[in-house]
Structures are given as C-alpha cells and as structure tokens.
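Structure first, commentary second.
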Amino acid sequence: MGTLLDSLIVSEIQSLAVDAACGAGQILKNYFGSQIQVDYKGKGQSDPVSVADTESQAYLENRIKDKFSDHGILGEEDKLSKDTPAPDIVWVLD
C-alpha cells in the first residue's frame with residue numbers, strides 16, 4: 001500500500017466505521033440505565049471497565065477483522081503489546 005489511500009478503500013473504511021459505530025452504540029444503549037458490574041484495569045480503582053465496554057469493543061474488533069484482516073486495532077480495553085509490528089492502517093477504539 002502506498003502512502004496515500006485510494007478513494008475506494010477510504011470509502012469502504014468510512015462505510016464500515018459508520019455501520020459498526022451504530023451497532024456498537026446499540027450494544028451500549030441496551031445497557032443504558034441498568035445496573036452493571038464495573039471492574040478496574042490495573043492497580044487501584046482509577047480505570048473502570050464494564051461489560052458494556054468490553055462487549056462493544058469486541059463487536060467493533062470483530063467487524064473490523066472480518067472486513068479488513070490486515071488492519072491493526074488498538075482498543076482502550078486491551079493491554080498494549082510492543083512486540084507486534086505496526087500495520088499500515090490502525091483503528092483506534094475508545
């Protein structure tokens with residue numbers, strides 16, 4: 001892949017981003033107003049994560065991997081690995 005993305009791939013990325021965001025939003029909406037268990041990442045209680053967080057991120061990761069298996073994904077709920085080579089395109093999920 002060159003330094004510039006062609007308009008076709010950009011259009012495919014945009015389409016997936018919008019569609020997947022709507023799907024993840026529906027997952028989060030299903031949890032809205034309900035009592036959910038909150039866990040904490042790392043030491044202390046300064047970085048909360050809920051089942052809604054992990055479920056919506058897993059949904060997004062699966063959608064991206066299904067369409068663009070060569071793209072990287074950096075998710076807020078993931079542990080970082082410095083040993084993984086950086087792909088040309090990386091999705092950042094927060």
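The values are calculated or read from the model by the stated rules, or taken from the named source; none is laboratory data. Being a predicted model, the structure only gives us computed values, none of them experimental. As a convention, Cβ positions derive from the backbone with ideal geometry for all residues, glycine included, and neighbour counts pool all protein chains shown.
Mind counting the residues in the stretch 50-94 that are of a type in the set (Lys, Arg) and modelled with pLDDT of 95 or more?
Number satisfying all stated conditions: 3.
Of all residues in the stretch 26-53, how many are of a type in the set (Phe, Trp, Tyr) and under 17 Å from the mean Cα position of the chain (by Cα)?
Final tally of qualifying residues: 0.
What number of residues within the stretch 30-67 satisfy the criterion of being closer than 18 Å to Ala20 by Cα and either hydroxyl-bearing (Ser, Thr, Tyr) or part of a loop (DSSP other than H, G, I, E, B) (or both)?
4
Can you pull out every residue in the stretch 1-50 that is farther than 18 Å from Lys67 by Cβ and of a type in the set (Asp, Glu)?
Those that are farther than 18 Å from Lys67 by Cβ and of a type in the set (Asp, Glu): Asp39, Asp47.
Which is within 14 Å of Leu93 (Cα to Cα), without any contact (Cβ under 8 Å) to a residue 12 or more places away in the chain and surrounded by 12 or more Cβ atoms within 10 Å (Cβ to Cβ), of Ala24, Ala58, Ala20?
None of the other options fit; the residue is Ala58.
Within the set of pairs 6 or more residues apart or between chains, which connect a residue that is farther than 19 Å from Leu60 by Cβ inside the stretch 27-46 to a residue that is surrounded by 10 or more Cβ atoms within 10 Å (Cβ to Cβ) and not polar (S, T, N, Q) with Cβ atoms less than 6 Å apart?
Going by the 6 Å Cβ cut-off, the qualifying pairs are Val38/Pro48; Asp39/Val49; Tyr40/Asp47; Tyr40/Pro48.
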